[in-house]
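The values are calculated or read from the model by the stated rules, or taken from the named source; none is laboratory data. Note that this is a predicted model, so its numbers are computed, not measured. When we count neighbours, we look across all protein chains shown, and the Cβ atoms used for this are built from the backbone with ideal geometry, even at glycine. All accessible areas refer to the heavy atoms of the entire protein, side chains included, with ligands and DNA or RNA removed. Shrake-Rupley method; radii C 1.70, N 1.55, O 1.52, S 1.80 Å.
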Amino acid sequence: WQSSLLALASSMPLLSLPDGFEGVWQGIPYASVIGPWSHNFTFSIAKNVEGDYLFEANLPFDASPDDWRFWSWQRSYLKSSGENQGSLLHCPGPRSPRMERVAMMQAHRINDKQLTFCLKKWPGYVDLEHPFPFLSLSCYTDGDLPGCGCFNWTLRLDGSRLDYEVSMGASPGDLHSKHMRVALERLPDSPAREDLAFPGEGTASFDCDYHSRDEHQTPLASCPFALQYQMPIPKTLGRQSSFQHCYVLDQRTDLSIEWFLNLQSLHVKISATALYGSKSYVAIGFRPLGGASTALARELGTGREQRFGMRGADIVLGHAEGVSRFYASSYSGAPEPDESLEISAETVSHANGRISLEFVRPLVGGRLHALHGLSASIASDLADMMWAVGQWNNEEHFPQYHGFVRGWREINW
């Protein structure tokens, strides 16, 4: 039976990408899950002698100097024939040495200008371990093609430009979350990857290898991508501050976060360029179980399933009229007013073209604590945070949609 299956797989036609896709591409993303970019994103497509394709991208977004050696990068392996024909093995890269992330996608549409990859489950796939709203939004069966409602990666060729678009899930009635959007221009470089050993055939061997082949990241300055890992030169993205910690999370908006931490509370200040003058707002959201892969987290409407959405976040927002608190009860869309998160010493200020929000909050608190007695701390390694900058509506006393000026992060408080 196995030999017959392999013979059938080997007789399948080769899967070829449209002409013009191969090469090295570069551009500045105008939307991403971590916020607007101010530096280049580099992406390459190379074809090996067997006709398989390697996709590579570098994502130098970690602001903490401690994490520079774990700069995220990504490799994806597209099989053009055999048992895994049309499967794209996605190796997101170990931003933390404890995490060996793996994803799989399937090529569903290919024409002379466009290809689309959608999330694909494999035998033994555990929904709870992956950042997609399988249960809350039924994303895997939402839409015409399996997996497209959870994760949709489209590459579209338009002359000398390659549109790179990644979308995640969405609450009913909302547009899908824009995980990455960038218009790429072709570079004269050629990707030097034709001889790279690809993962093998079958479910077990078609996998990321973070102990050898896929172990290290590519330095930002390397274009085309280096075959050998080089430790990047550390530098700080910190700035002068009276707080114990201070980092710039987004250079495009000059958004910085500063804080003091003790055993019971977090004293935090978040500030950014006031994009809308006196009508600007700046907001920060906290999810104590943002990275939890447990049935309890899912039952409470938070956890890894909501990773790239807003659901489960206690939000504090500073604006010209003062400070407002909200809770995000849906994956996408406007949050609802909610004062479950207790704060103190809250202030909002406008100065030198910036808006600043400062307050103190307990490490354990918020809506899930108030309603369900959840004692999870935001200082744990399961917590994450999000931020946004936008315009405050003085007539409705409510924040307007922030658009692309928002981001998500894991922070070691």
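Scan segment 296-308 and give yes if some residue there is open to solvent by less than 60 Å² (accessible area, probe 1.4 Å), more than 21 Å from the chain's Cα centre (by Cα) and under 18 Å from Leu266 (Cβ atoms), otherwise no. Looking for residues that are open to solvent by less than 60 Å² (accessible area, probe 1.4 Å), more than 21 Å from the chain's Cα centre (by Cα) and under 18 Å from Leu266 (Cβ atoms), one finds none in segment 296-308, hence no.
The set of residues in segment 345-375 being surrounded by 18 or more Cβ atoms within 10 Å (Cβ to Cβ) and either modelled with pLDDT under 95 or part of a helix (DSSP H, G or I) (or both) consists of Arg367, Leu368, His369, Leu374.
Taken over segment 108-150, residues that are without any contact (Cβ under 8 Å) to a residue 60 or more places away in the chain, hydroxyl-bearing (Ser, Thr, Tyr) and farther than 20 Å from Phe55 by Cβ amount to 4.
Just one of (1) crowded, with 22+ Cβ neighbours inside 10 Å; (2) acidic (Asp, Glu); (3) part of a loop (DSSP other than H, G, I, E, B) fails for Glu342. It is (1). Please indicate, with yes or no, whether at least one residue in segment 107-116 is touching a Cys at 6+ places or on another chain (Cβ under 9 Å), in a strand (DSSP E or B) and among the β-branched types (Val, Ile, Thr). The answer is yes, given that some residue of segment 107-116 is touching a Cys at 6+ places or on another chain (Cβ under 9 Å), in a strand (DSSP E or B) and among the β-branched types (Val, Ile, Thr). Across segment 250-273, the number of residues qualifying as open to solvent by 20 Å² or more (accessible area, probe 1.4 Å) and either in a loop (DSSP other than H, G, I, E, B) or touching a residue at least 24 places away in the same chain (Cβ under 8 Å) (or both) comes to 11.
Given the criteria at pLDDT below 90 and closer than 30 Å to Arg311 by Cβ, does Arg252 qualify? Answer is yes for this residue. Restricted to segment 309-330, and to residues there that are among the aliphatic types (A, V, I, L, M) and either modelled with pLDDT under 95 or under 19 Å from Glu410 (Cβ atoms) (or both), the residue that is surrounded by the fewest Cβ atoms within 10 Å (Cβ to Cβ) is Ala320. With respect to the stated conditions, Leu296 is over 19 Å from His397 (Cα atoms) and free of Cβ contacts under 8 Å to residues at least 40 places away in the same chain. Among the residues that make up segment 384-405, is at least one of them part of a loop (DSSP other than H, G, I, E, B), open to solvent by less than 20 Å² (accessible area, probe 1.4 Å) and closer than 16 Å to Arg311 by Cβ? Within segment 384-405 (the criterion being part of a loop (DSSP other than H, G, I, E, B), open to solvent by less than 20 Å² (accessible area, probe 1.4 Å) and closer than 16 Å to Arg311 by Cβ), the answer is no, since none of the residues qualifies. Taking interchain pairs and intrachain pairs at least six residues apart, which have beta carbon atoms under 6 angstrom, with the first residue in segment 351-362 and under 13 Å from Ser278 (Cβ atoms) and the second part of a loop (DSSP other than H, G, I, E, B)? From residues that are under 13 Å from Ser278 (Cβ atoms), the pairs are Gly353/Ala274; Arg354/Ala274; Ile355/Ala274.
Tell me whether segment 285-292 contains one or more residues that are aromatic (Phe, Trp, Tyr), within 22 Å of the chain's Cα centre (by Cα) and open to solvent by 10 Å² or more (accessible area, probe 1.4 Å). No; the residues of segment 285-292 include none that is aromatic (Phe, Trp, Tyr), within 22 Å of the chain's Cα centre (by Cα) and open to solvent by 10 Å² or more (accessible area, probe 1.4 Å).
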